[in-house]
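Structure first, commentary second.
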Amino acid sequence: MGGTQAIRGGGNGHGGLGNVLSGIAVAVGFALFLGGFVWGAFVYRPYTVPTDSMMPTVRPGDRVLAQRIGGDEVRRGDVVVFTDTEWSDLPMVKRVVGIGGDTVKCCGAAGELTVNGTPLDEPYIDDTRPDPGLAVPPGQADVGIPFEVTVPEGNLFLLGDRRSASLDSRSHLQEAGQGTVPRSGVNARVDALAWPSAGMVERPGTYEALPGGVSRPGPLLLQVAAVAAGAVLVVLGAAYGPLVRALGRGRRRERADAG
């Protein structure tokens with residue numbers, strides 16, 4: 001009888017403990033897996049970008065994940081999702097170049113954008129135009145047209161990364177606020193590309209030396225790690241029982257062959 005119990009317990013009496021641990025692994029894994037998804041759904045919103053104004057950072061049709069934030073959390077360099085009835089009735093995606101109190105100017109000695117007199121190094125922008133002979137569409141700002149704007153407190157100056165194809169703050173310079181948008185219009189901050197490519201959206205280093213620095217990435221990588229770890233635990237925990245049974249059958253065959 002004792003021998004039979006040992007076999008059912010895994011030979012050394014450890015099978016019962018193994019089954020308990022595998023059950024715990026499945027339970028913890030399921031909690032991590034489901035919790036990571038729920039946490040992500042609470043913190044992030046998916047958007048599909050309809051235009052090419054943010055190329056090459058974000059391309060038309062890209063699916064992005066944007067962290068739900070308030071306007072007071074926005075920093076220079078952030079790619080934000082916002083709405084402004086003066087611009088459009090639909091959510092738009094642009095990069096924050098200036099915040100309240102900043103003086104944004106085009107252009108510096110080398111043709112670069114400056115914020116409070118500091119030239120910006122913007123490797124993320126695309127100034128190309130398919131046909132240099134094409135006229136600038138109505139309402140769209142041409143690249144390099146001089147301007148100087150002091151951003152009102154509580155507002156943001158926003159530009160597209162593809163400066164030659166973006167309807168942004170430059171296109172509204174003659175309106176109240178000189179093309180700036182209230183912080184309250186911001187709905188979310190783009191943290192990552194989800195489809196068809198995947199990757200985090202980097203915070204531009206050129207803004208780090210300015211007061212307030214740049215924003216910190218959201219918890220997306222931690223959420224992905226929780227989901228992945230949960231999936232691994234569930235698979236390993238669920239595989240324990242069949243693996244032990246398969247090994248047990250193999251040992252019994254070996255003993256039968258040896259006998």
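The values are calculated or read from the model by the stated rules, or taken from the named source; none is laboratory data. Since the model is a prediction, treat every value here as computed from it, not as a measurement. As a convention, Cβ positions derive from the backbone with ideal geometry for all residues, glycine included, and neighbour counts pool all protein chains shown. Heads up: the accessible areas ignore ligands, DNA and RNA and are worked out on the full protein's heavy atoms, side chains in. Shrake-Rupley method; radii C 1.70, N 1.55, O 1.52, S 1.80 Å.
Can you name the residue in segment 103-112 that is surrounded by fewer than 18 Cβ atoms within 10 Å (Cβ to Cβ) and not polar (S, T, N, Q) and, of all such residues, is modelled with the lowest pLDDT?
109
Only residues that are more than 23 Å from residue 45 (Cα to Cα) and crowded, with 23+ Cβ neighbours inside 10 Å: list them for segment 169-189, please.
Selection gives 169, 170, 179, 180.
Going through segment 190-213 one residue at a time, which ones are crowded, with 17+ Cβ neighbours inside 10 Å and in contact with a helix residue (DSSP H, G or I) (Cβ under 8 Å, 6 or more places away or on another chain)?
Passing the criteria: 191, 192.
So which residues in segment 90-106 are touching a Gly at 6+ places or on another chain (Cβ under 6 Å) and of a type outside the set (Lys, Arg)?
Correct list: 100, 104.
Does segment 29-45 hold any residues that are open to solvent by 70 Å² or more (accessible area, probe 1.4 Å) and either within 30 Å of residue 92 (Cβ to Cβ) or of a type in the set (A, V, I, L, M) (or both), and which are they?
34, 37, 38, 39, 42, 45
One line per residue, one yes/no per condition, for (1) within 12 Å of residue 159 (Cα to Cα); (2) buried (at least 20 other Cβ atoms within 10 Å of the Cβ); (3) without any contact (Cβ under 8 Å) to a residue 40 or more places away in the chain; (4) in contact with a Ser or Thr (Cβ under 8 Å, 6 or more places away or on another chain):
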residue: 63; (1), (2), (3), (4): no, no, no, yes
residue: 66; (1), (2), (3), (4): no, yes, no, no
residue: 72; (1), (2), (3), (4): no, no, no, no
residue: 76; (1), (2), (3), (4): yes, yes, no, no
residue: 83; (1), (2), (3), (4): no, no, no, no
residue: 86; (1), (2), (3), (4): no, no, no, no
residue: 91; (1), (2), (3), (4): no, no, no, yes
residue: 101; (1), (2), (3), (4): no, no, no, yes
residue: 117; (1), (2), (3), (4): no, no, yes, yes
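Kindly state which strands (runs of 3 or more DSSP E) lie completely within segment 50-130 and contain at least 2 residues that are more than 22 Å from residue 150 (Cβ to Cβ).
Counting at least 2 such residues, we get 63-68, 79-84, 88-99.
Select from segment 134-176 the residues that are of a type in the set (Lys, Arg) and either within 17 Å of residue 100 (Cα to Cα) or at pLDDT below 90 (or both) and list them in ascending order.
Within segment 134-176, 163, 170 qualify.
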